[in-house]
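Working notes for the structure below.
The values are calculated or read from the model by the stated rules, or taken from the named source; none is laboratory data. Remember, predicted model here, so these are calculated numbers, not experimental data. Cβ atoms come from the backbone with ideal geometry, glycine included; neighbour counts cover every protein chain shown.
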């Protein structure tokens, strides 16, 4: 409500004595003056990005990561589809993402990998399934509960590996386990709508794997579980670095649709921590979309909100945060969206000091 009070009322409230103001106007003026300033918008970089070739018509892009030499991985939360792609900037006004033919992630007992995020670290590409039930119908599919990796060295790809070790960890992690479906009867599984587990963020840095949760995130406090990436694929036990894991405070999103808890929609490693792309924890309608960018140190619950995204295209939901570059003062990121063909990529400058 404070943001809708005309400026002239706030100015008048400062200039007149309190006794001259009606009670309702005095209260409104006090709220307006005490409200925090509006968060700055991420600065959109000029240029029209596009996807060409084999990923241009896909509406379900969910994660991306690039190696330092320019090899990039793109995953989808439908079927088991993934693509290798590269970034072309021959025309600075129209940079392109050029995707190869799609391929399938390893089959894990079903056709639905539901890959929600990707990462790269120390010669390995990673991808991760949602570890939750289907959004429509709350259907349990064991194939969603896997983590994948593939080696990339000297311009050559290794063989894909898949692991379920993370599922065992989550089924024993307090607060997450009670909302986790694997190991329970299908009838007792919680859907995303009911606060069931849904992973959408992944970052790997110096061998540490950070798994970010879209849900559960009550009060906008989203879980991040940190494990050793090698342990996930070693076939033995996997240790959670902090148990209970941090619950990063992302807060709530407020708008015409009401108030909604924020959860993690993607993550990316940067020099001073992790960038988090946050969006509504619960499903949003086709006409509702929002996104915010936070920086998190990688430990503790506190996160710094850097900016919010202006979503111009109806039905476009920020889903992918791909780091393009970094300087002393800013990050350069590419945001891709769920629900629109080719992800509608947009490049942003994000200042390190909000």
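Scan segment 182-204 and tell me whether some residue there is at pLDDT 95 or above and more than 16 Å from residue 145 (Cα to Cα).
Yes, some residue in segment 182-204 is at pLDDT 95 or above and more than 16 Å from residue 145 (Cα to Cα).
Any chance you could count how many residues in segment 288-322 are touching a residue at least 60 places away in the same chain (Cβ under 8 Å), closer than 17 Å to residue 251 by Cα and under 15 Å from the mean Cα position of the chain (by Cα)?
The number of residues fulfilling the criteria is 8.
Which of the residues belonging to segment 78-102 are exposed (fewer than 12 other Cβ atoms within 10 Å of the Cβ) and farther than 19 Å from residue 47 by Cβ?
Scanning segment 78-102 gives a single hit, 101.
Pick from 339, 325: which is free of Cβ contacts under 8 Å to residues at least 12 places away in the same chain and touching a strand residue (DSSP E or B) at 6+ places or on another chain (Cβ under 6 Å)? Talk me through it step by step, then tell me what you get.
Details: 339 fails: free of Cβ contacts under 8 Å to residues at least 12 places away in the same chain.
The unique qualifying residue is 325.
Does segment 147-163 contain at least one residue that is within 23 Å of residue 221 (Cα to Cα) and touching a strand residue (DSSP E or B) at 6+ places or on another chain (Cβ under 6 Å)? Let's see the steps before the verdict.
Step one: of segment 147-163, the residues within 23 Å of residue 221 (Cα to Cα) are none.
No: zero hits.
So that you can scan it fast, the table gives a plain yes or no per residue for (1) at pLDDT 90 or above; (2) in the same structural domain as residue 304 (by TED's automatic domain parsing); (3) touching a helix residue (DSSP H, G or I) at 6+ places or on another chain (Cβ under 7 Å):
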{"residue": "10", "(1), (2), (3)": "no, no, yes"}
{"residue": "20", "(1), (2), (3)": "no, no, no"}
{"residue": "70", "(1), (2), (3)": "yes, yes, no"}
{"residue": "85", "(1), (2), (3)": "yes, yes, no"}
{"residue": "91", "(1), (2), (3)": "yes, yes, no"}
{"residue": "94", "(1), (2), (3)": "yes, yes, no"}
{"residue": "103", "(1), (2), (3)": "yes, yes, no"}
{"residue": "114", "(1), (2), (3)": "yes, yes, yes"}
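Checking the condition under 22 Å from residue 222 (Cβ atoms) and surrounded by fewer than 20 Cβ atoms within 10 Å (Cβ to Cβ), which residue from 316, 297 passes?
Sole residue among the options that is under 22 Å from residue 222 (Cβ atoms) and surrounded by fewer than 20 Cβ atoms within 10 Å (Cβ to Cβ): 297.
Condition first: free of Cβ contacts under 8 Å to residues at least 40 places away in the same chain and closer than 15 Å to residue 118 by Cβ. Now tell me which residues in segment 88-103 satisfy that.
If the condition is that a residue be free of Cβ contacts under 8 Å to residues at least 40 places away in the same chain and closer than 15 Å to residue 118 by Cβ, then 103 is the only one that fits.
Please determine, by comparing only the residues of segment 118-132 that are in contact with a helix residue (DSSP H, G or I) (Cβ under 7 Å, 6 or more places away or on another chain) and part of a loop (DSSP other than H, G, I, E, B), which one is surrounded by the most Cβ atoms within 10 Å (Cβ to Cβ).
That would be 132.
Restricting the search to segment 183-195, which residues are buried (at least 19 other Cβ atoms within 10 Å of the Cβ) and in contact with a helix residue (DSSP H, G or I) (Cβ under 7 Å, 6 or more places away or on another chain)?
190 - this is the single residue of segment 183-195 that is buried (at least 19 other Cβ atoms within 10 Å of the Cβ) and in contact with a helix residue (DSSP H, G or I) (Cβ under 7 Å, 6 or more places away or on another chain).
Look at segment 153-165 and say how many of its residues are surrounded by 17 or more Cβ atoms within 10 Å (Cβ to Cβ) and touching a residue at least 60 places away in the same chain (Cβ under 8 Å). Reasoning before the result, please.
In the first step, residues of segment 153-165 are kept if they are surrounded by 17 or more Cβ atoms within 10 Å (Cβ to Cβ); the result is 162-163, 165.
Now restrict to residues that are touching a residue at least 60 places away in the same chain (Cβ under 8 Å): 163, 165.
Selection size over segment 153-165: 2.
Would you kindly identify the strands (runs of 3 or more DSSP E) lying entirely within segment 251-354 that contain at least 1 residues that are farther than 20 Å from residue 40 by Cα? Before the answer, list the steps.
Working: elements: 252-255, 258-270, 273-280, 292-296, 303-308, 317-326, 330-338, 346-351.
Filter on segment 251-354 gives 258-270, 273-280, 317-326, 330-338.
Does at least one position in segment 213-220 carry a residue that is surrounded by fewer than 20 Cβ atoms within 10 Å (Cβ to Cβ) and either in the same structural domain as residue 292 (by TED's automatic domain parsing) or not in a strand (DSSP E or B) (or both)?
Checked against the condition, which is being surrounded by fewer than 20 Cβ atoms within 10 Å (Cβ to Cβ) and either in the same structural domain as residue 292 (by TED's automatic domain parsing) or not in a strand (DSSP E or B) (or both), segment 213-220 yields at least one hit.
Looking at segment 221-230, which of the residues that are over 11 Å from residue 122 (Cβ atoms) and surrounded by fewer than 24 Cβ atoms within 10 Å (Cβ to Cβ) is farthest from the chain's Cα centre (by Cα)?
Filtering first and then ranking leaves 228.
Looking at the structure I just gave you, is residue 250 crowded, with 18+ Cβ neighbours inside 10 Å and out of contact with any helix residue (DSSP H, G or I) (no Cβ under 7 Å at 6 or more places or on another chain)?
Working: crowded, with 18+ Cβ neighbours inside 10 Å: yes; out of contact with any helix residue (DSSP H, G or I) (no Cβ under 7 Å at 6 or more places or on another chain): no.
Taking the combined requirement at face value, the residue does not satisfy it.
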